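Enquirer: Take a look at this one; I'll ask things after.
The values are calculated or read from the model by the stated rules, or taken from the named source; none is laboratory data. Remember, it's a predicted structure, so these values are computed and weren't measured experimentally. Using ideal geometry, Cβ is built from the backbone for each residue, glycine included, and neighbour counts are taken over all protein chains shown.
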Amino acid sequence: MSNMNVAQPVQKADAIDQLDKQVLRDIFMRSNTLELSFNYEKMQALGFCYSITPALKAYYGEDDPRFTDALERNMALFNITPAMSPFVLGVAASLEKEASKNPEMENTIVNNIKSSLMAPLSGIGDSFFWGTFRIIAGGIGISMAQQGSIMGMLMFLLLFNIPNFVTRWFGLNLGFKLGTKLIDQMASGNVMDRINKIFGIVGLMCVGGMTATMVKLNLATEIEISGAVVNFQNILDQILPNLLPLGATLLCYRLIQKGYSVNKILVGIILFGIAGKAIGLL
């Protein structure tokens with residue numbers, strides 16, 4: 001956190017009182033609208049400012065000139081995995097509470113903390129929610145839906161959103177209580193790198209399992225040699241089960257790396273499927 005310019009060390013936030021509890025409840029409800037005003041100039045800045053406004057009103061008061069300054073300060077560029085945003089909102093609210101009581105505290109620390117948190121927390125959030133929970137929830141939901149169960153859709157929503165909202169609520173309270181203390185501990189112990197590595201491994205395992213179970217690609221080609229029927233799909237399965245689905249997945253991944261659009265790849269898959277079925281290959 002060497003890029004921070006702090007006049008005085010920020011102490012751990014005071015115990016949460018009734019006012020703080022109401023503020024945190026309001027912030028939590030508003031944080032669900034974070035991306036409704038997403039734009040390519042400041043990304044989630046407007047949603048962040050809207051979410052933290054209850055704290056600014058409570059700690060400064062709308063008639064205080066510092067309230068306007070705080071609104072402007074919290075309109076700085078912001079972008080993070082949505083599920084991790086309440087933690088940053090909690091930290092920012094804690095710092096704004098400290099700033100309202102301590103006029104000598106440099107206000108730049110709020111945006112410095114936000115900027116320092118965005119990248120590492122997004123790495124964790126993307127690996128955990130988009131790369132792990134979403135895939136697991138999607139796989140279970142799709143499997144149930146393929147069997148004709150309407151619970152497939154509901155199961156997907158539950159498996160993804162329950163941990164999402166739990167993380168949001170406890171992250172908000174944790175950020176408010178600990179302020180910058182937790183961040184210093186995480187930075188000094190390389191916890192971020194370790195968590196990213198763990199989530200990355202789990203995410204790759206999930207992708208591998210999904211590839212084997214959800215991607216279907218089989219050869220229908222058979223030839224007769226000296227009265228014996230040779231099935232090419234059986235030969236491939238003896239070499240490595242699900243070899244073709246793995247190859248198709250890696251090919252699509254390689255094409256995406258080379259800059260091909262997902263829409264073009266999807267069209268190519270559809271055309272390949274139609275042509276392969278027409279000539280008896282698939």
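Enquirer: One residue is enough: does the range 104-119 have a residue meeting the conditions buried (at least 22 other Cβ atoms within 10 Å of the Cβ), part of a helix (DSSP H, G or I) and more than 21 Å from the chain's Cα centre (by Cα)?
Expert: Yes, the conditions are met somewhere in the range 104-119.
Enquirer: Here's something else I'd like to know. Considering every residue within the range 239-251, establish whether at least one is over 14 Å from T211 (Cβ atoms) and more than 34 Å from the chain's Cα centre (by Cα).
Expert: Narrowing the range 239-251 to residues over 14 Å from T211 (Cβ atoms): 239.
Of the ones still in play, those that are also more than 34 Å from the chain's Cα centre (by Cα) are 239.
Yes.
Enquirer: Of all residues in the range 36-70, count the ones that are farther than 23 Å from G171 by Cβ and surrounded by fewer than 20 Cβ atoms within 10 Å (Cβ to Cβ). It would help to see each step written out before you state the result.
Expert: The initial filter retains those residues of the range 36-70 that are farther than 23 Å from G171 by Cβ, namely 39-41, 60-69.
Still in the running and surrounded by fewer than 20 Cβ atoms within 10 Å (Cβ to Cβ): 39-41, 61-69.
Of the residues in the range 36-70, 12 are farther than 23 Å from G171 by Cβ and surrounded by fewer than 20 Cβ atoms within 10 Å (Cβ to Cβ).
Enquirer: Moving on. Can you name the condition, by its number, that L244 falls short on among (1) assigned to a helix (DSSP H, G or I); (2) exposed (fewer than 13 other Cβ atoms within 10 Å of the Cβ)?
Expert: Condition not satisfied by L244: (2).
Enquirer: Among the numbered criteria (1) modelled with pLDDT of 75 or more; (2) assigned to a helix (DSSP H, G or I); (3) of a type in the set (K, R), which one does K216 miss?
Expert: In the conditions (1) modelled with pLDDT of 75 or more; (2) assigned to a helix (DSSP H, G or I); (3) of a type in the set (K, R), K216 misses (2) alone.
Enquirer: Let me ask something additional. Do you know which of the residues in the range 158-174 that are surrounded by 13 or more Cβ atoms within 10 Å (Cβ to Cβ) and of a type in the set (A, V, I, L, M) is farthest from the chain's Cα centre (by Cα)? Step through it out loud before you land on a result.
Expert: Taking the range 158-174 and keeping what is surrounded by 13 or more Cβ atoms within 10 Å (Cβ to Cβ), we get 158-161, 163-165, 167-174.
From the residues that got through so far, the ones that are of a type in the set (A, V, I, L, M) too are 158-159, 172, 174.
Values: L158: 16, L159: 14, L172: 16, L174: 19 Å.
Ranking the candidates gives L174 first.
Enquirer: Does at least one position in the range 125-144 carry a residue that is over 21 Å from G209 (Cβ atoms), surrounded by 19 or more Cβ atoms within 10 Å (Cβ to Cβ) and touching a residue at least 12 places away in the same chain (Cβ under 8 Å)?
Expert: yes
Enquirer: Also, I was wondering about something else. Checking the conditions here, which among T53, T81 is at pLDDT 90 or above and either among the polar types (S, T, N, Q) or under 30 Å from T211 (Cβ atoms) (or both)?
Expert: Values: T81 fails: at pLDDT 90 or above.
Testing whether each residue is at pLDDT 90 or above and either among the polar types (S, T, N, Q) or under 30 Å from T211 (Cβ atoms) (or both) leaves just T53.
Enquirer: Restrict the check to the range 72-79 and report whether at least one residue is assigned to a helix (DSSP H, G or I) and over 29 Å from F128 (Cβ atoms).
Expert: Kept after step one, since they are assigned to a helix (DSSP H, G or I), are these residues of the range 72-79: 72-73.
Next, from what is left, pick out any that are over 29 Å from F128 (Cβ atoms): 72-73.
The answer is yes; a qualifying residue exists.
Enquirer: Sticking with this structure for a sec: Go over the candidates A45, A83, A70, A76 one by one and state the one that is under 18 Å from S122 (Cα atoms), in the same structural domain as N102 (by TED's automatic domain parsing) and over 19 Å from the mean Cα position of the chain (by Cα).
Expert: A76
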